[in-house]
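The values are calculated or read from the model by the stated rules, or taken from the named source; none is laboratory data. Every value quoted in this text rests on a predicted model; they were computed, and no experiment measured them. Note: ideal-geometry Cβ built from the backbone for every residue, glycine included; neighbour counts use all protein chains shown.
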Amino acid sequence: THTFTIAIDGPAGAGKGTLARRLADHYRLNLLDTGLTYRAVAHKLLELGLPLDNVSAAETAARQVDLSNLDRTVLSAHAVGEAASKVAVIPTVRRILVEKQRAFAKAPPGAVLDGRDIGTVVCPDADIKLYVTASAEVRARRRLAEIESMGGSADFATILADIERRDERDMGRASSPLKPAADAHLLDTSEMAIEAAFLAAMAIVDEVF
Ligand code: C5P
C-alpha cells in the first residue's frame with residue numbers, strides 16, 4: 001500500500017521545522033525532525049565526554065537512537081546542534097540513522113520528514129519534495145529574535161558567523177551534502193512570513209495529495 005511522503009530539506013533556520021509541523025497537522029501525517037536523530041548522537045557523546053570524531057562510539061550511539069523517544073527540549077541546545085553537524089559527517093552514522101528514518105517514513109499513513117538529505121537520500125521517491133531556504137542574514141535575524149523572545153541576548157554578527165559556518169559544513173561534506181533534489185520545489189522564505197510559506201507549500205502538496 002502506498003504511504004504519502006513529504007520531504008523537506010534546507011539549511012538551519014529557514015523555517016523547515018515549523019513548516020513540517022504545519023503540513024503534518026494539516027494532512028494528518030506522522031512527523032519526523034531528522035535533525036533530532038543527529039542531535040541525539042551528539043548529545044550522547046557530549047554526555048560521555050567523548051570526542052565527536054570517535055567513530056565507534058558514535059556508531060553505538062546511533063544504533064541506540066529511539067525515534068519514539070527523542071527529547072526536543074534536551075536536544076534543542078545550540079551547542080548540541082553544532083556538535084550534531086560534526087557527527088553528521090561520519091558516513092556509518094548516517095547509514096544507521098537513515099535506515100531508521102526510512103522505516104519511519106514507510107509506516108502508514110505516511111510522514112513529513114525534515115532535514116538536509118531527505119529528498120536526495122532518505123526518501124528519493126517522496127511524493128513531494130520541498131527545499132526551503134532564506135538568506136543567511138534573514139535566518140540570523142530570526143534566530144536573534146527567537147533568543148530575545150526567550151529573554152536571552154546575543155550578538156548578530158556572532159549568530160551570522162555561526163550560521164555561515166554550519167551551512168559550509170552541511171553543504172561541503174562528502175557524505176550526503178545539503179543540496180536541493182533535482183525534482184524539489186524551491187521555497188525561499190526570506191521575504192515570507194510562516195503563514196505565507198505554509199500556504200505556498202499547501203498549494204504544491206494539494207496538486208498531488
Ligand atoms: O536541523 P538541525 O539543526 O536540528 O540539525 C542539526 C545538524 O544535523 C545539521 O546541522 C546537520 O549537520 C545534521 N543533519 C543532517 N542530516 C539531516 C538532519 C540534520 O546531516 N537529515
- [ ] Kindly indicate the residue of segment 7-49 that is in contact (Cβ under 8 Å) with a residue 60 or more places away in the chain and away from the ligand (no atom under 14 Å from the Cβ) and also nearest to His185 (Cα to Cα) among those meeting that condition.
- [x] Leu23
Open item on the list: Can you go through Glu146, Glu195, Glu191, Glu137 and tell me which one is over 17 Å from the mean Cα position of the chain (by Cα) and part of a loop (DSSP other than H, G, I, E, B)?
Closed with: Glu191
Task: Tabulated pairs, segment 53-74, first under 12 Å from Thr37 (Cα atoms) and of a type in the set (Ser, Thr, Tyr), second modelled with pLDDT of 95 or more and not in a helix (DSSP H, G or I), C-beta under 7 angstrom, 6+ apart or interchain - done: none
TODO: Scan segment 145-157 and give yes if some residue there is within 14 Å of the ligand (Cβ to nearest atom) and touching an Asp or Glu at 6+ places or on another chain (Cβ under 8 Å), otherwise no.
DONE: no
- [ ] Taking the residues in segment 169-202 that are within 16 Å of the ligand (Cβ to nearest atom) and of a type in the set (S, T, N, Q) as candidates, determine which candidate is surrounded by the most Cβ atoms within 10 Å (Cβ to Cβ).
- [x] Thr189
